[in-house]
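Heads up: the structure comes next, in structure tokens.
The values are calculated or read from the model by the stated rules, or taken from the named source; none is laboratory data. These figures come from a predicted structure and were not determined experimentally. Counting neighbours? That spans all protein chains shown, and the Cβs are built from the backbone with ideal geometry, glycine included. The area values use the complete protein model at the heavy-atom level, side chains included, leaving out ligands, DNA and RNA. Shrake-Rupley method; radii C 1.70, N 1.55, O 1.52, S 1.80 Å.
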Amino acid sequence: MIKRTFVIGLMSMLMLAPVAKAQQDTVLRLSLEQAQEYARNHNVTVANASLDVQKAELAKWETISTMLPQVKASFDYQNMCGYEMVFGQPPAQMHIAMNPTGSFGITASVALTGQQIVGALMKRLAVQMTEISKLQNVQTINSNVKNSYVSILVMEQTTGLLDSSLANMERLASQTQSAVNAGAAEQTDADKLAVQVATIRSSINSTKLALQMLYNSMLLQLGADVNSRLELTTTLDQIVSVDNAAQLLQQKFNIENNYSYQLLQQNEQLAKDQITLTYASFAPVLSAFYQYSAKTYFGKDEGMNMTPPNMVGFSVSLPLWQTGTRILQLKQAQINLQETQNSKKQAEDGLLVQYKQLCNNLITALEEYQIQTQNITVTDRVFSSIAEKYKFGRASSLEVTNASTDMITAQNKYIQSVMNVVSAQVALEDLMNNNK
């Protein structure tokens, strides 16, 4: 009885587990724009990039704080444990008690150098570079989400096309097997169609597994709970637009908008600031301070207080000679600037060449997409024609199998052409910083 109760309870738990899990899963219904926004708000890479900006900002203010007055306070207490100073010989001796003393002091000082000023400017430049890197990360996330979004839609469309092909082949295989049973067809014809049906089913299963992997990958890119369920609301036709691609090709490439080029510009400015920083080492160092001191005697007799309560000071120091070290550092900084400018020029030429190549890639992808769009229509029409002829014995099972294979091949080429258009368009948008 106990064993039976345990088995029934275990079966109830197993039956209720999927229901409980389904209730916990979150459904995310996202358009492409919503998916990109969700990723910008939740993706770990973007979050870390924002933290890097905060760190760079704090480092800038840390440098600035070194140029501000530094204030410190001090307190000390001294007790000679009853010791007395004795002057002279008996009987003419003088005793001076060494009473306990306490002193309190506040010192405010400031030191300013040219290197500190230039260093603060360089830290501000570092903040700008970190912000550009963050924007670059956001751009990458937008592109990755768009590619994943389209890949899922394409894979779902592939599954739909394969399901349609499977239904057609199953119908023909069933009709052929019926004809075999009636003695009107050969068993080899039915076997050929049965193999084709099994092949299509295998392709469908592989496609569904790949589709699930794409969904999981997109959840990671979004930064969403891995148990969430995605529902994509934007259609493939709304994303793959020949008109939008054509408009993109007509836009002028402004290299100043490219994030990689902006980082190169910042690196060049950083190299220039490094030269300025080296020059600043020749500048004088200015420093000033103010000190307040108060000394108190704990006892009956007040001792001699030689500590002034207020004191100010000012100094200027000028470096004169360091065995040529600063001159060598200056020459190294100048060479580094020249190398940076050469690299920037080379990268600029590379970006212009890349722009032309990406335009050609998009044009080629659009042409292939239009060809494969026509091809999938033709192969579908051919398969329908041969299938109709096969019903009346005017086409062989081999022709049906070949037509089915041609149709599936055309479907795969069409799907690949769609992906090529989206990939080429996204790459060009990234280069032009037009992926909004």
Within segment 298-311, is there a residue that is part of a strand (DSSP E or B), under 18 Å from Gln70 (Cβ atoms) and modelled with pLDDT under 85?
no
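Return the residue satisfying two criteria in turn: it lies in segment 142-196 and is among the hydroxyl-bearing types (Ser, Thr, Tyr) and more than 41 Å from the chain's Cα centre (by Cα), and of such residues it is farthest from Glu388 (Cα to Cα). Don't jump to the end; show me each part of the working.
Taking segment 142-196 as the starting set, the residues that turn out to be among the hydroxyl-bearing types (Ser, Thr, Tyr) are 143, 148-149, 151, 158-159, 164-165, 174, 176, 178, 188.
Next, only the ones that are more than 41 Å from the chain's Cα centre (by Cα) stay: 174, 176, 178, 188.
Numbers: Ser174: 14, Thr176: 13, Ser178: 16, Thr188: 19 Å.
Checked segment 142-196; the qualifying residue farthest from Glu388 (Cα to Cα) is Thr188.
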Find all pairs meeting these conditions: Cβ atoms under 7 angstrom apart; at least six residues apart or on different chains; first residue within segment 93-108 and open to solvent by 70 Å² or more (accessible area, probe 1.4 Å); second residue of a type in the set (Gly, Ala, Ser) and modelled with pLDDT under 85.
Met94/Gly88; Phe104/Ala294
Unique residue being closer than 30 Å to Asp273 by Cα and touching a residue at least 12 places away in the same chain (Cβ under 8 Å) when the list is Ala73, Ala111
Ala111
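For segment 63-99, which positions are under 30 Å from Arg124 (Cα atoms) and not in a helix (DSSP H, G or I)? I'd like the intermediate steps shown before the answer.
From segment 63-99, those under 30 Å from Arg124 (Cα atoms) are 63-72; that's our starting set.
The answer is Thr66, Met67, Leu68, Pro69, Gln70, Val71, Lys72.
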Quick test of your reading of the structure: Gln115 fulfils all but one of (1) touching a Leu at 6+ places or on another chain (Cβ under 9 Å); (2) open to solvent by 30 Å² or more (accessible area, probe 1.4 Å); (3) at pLDDT 85 or above. Name the failing condition by number.
(3)
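Determine which member of the set Glu399, Glu368, Glu388 is open to solvent by 50 Å² or more (accessible area, probe 1.4 Å), in contact with a helix residue (DSSP H, G or I) (Cβ under 8 Å, 6 or more places away or on another chain) and free of Cβ contacts under 8 Å to residues at least 24 places away in the same chain. Steps first, please.
Working: Glu368 fails: free of Cβ contacts under 8 Å to residues at least 24 places away in the same chain; Glu388 fails: in contact with a helix residue (DSSP H, G or I) (Cβ under 8 Å, 6 or more places away or on another chain).
Criteria check complete, one pass: Glu399.
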Taking interchain pairs and intrachain pairs at least six residues apart, which have beta carbon atoms under 7 angstrom, with the first residue in segment 229-250 and more than 18 Å from Met218 (Cβ to Cβ) and the second of a type outside the set (A, V, I, L, M) and in a helix (DSSP H, G or I)?
Ala245/Gln425; Leu248/Gln425; Leu248/Glu429; Leu249/Cys359
Hits in segment 319-335 (condition: modelled with pLDDT under 80 and open to solvent by 70 Å² or more (accessible area, probe 1.4 Å))
Leu320, Trp321, Gln322, Thr323
Count, please, the residues in segment 237-293 that happen to be more than 19 Å from Gln357 (Cα to Cα) and either modelled with pLDDT of 90 or more or in a helix (DSSP H, G or I) (or both).
23
More than 30 Å from Asn434 (Cβ to Cβ), buried (at least 16 other Cβ atoms within 10 Å of the Cβ) and in contact with an Asp or Glu (Cβ under 6 Å, 6 or more places away or on another chain), is that true of Thr379?
yes
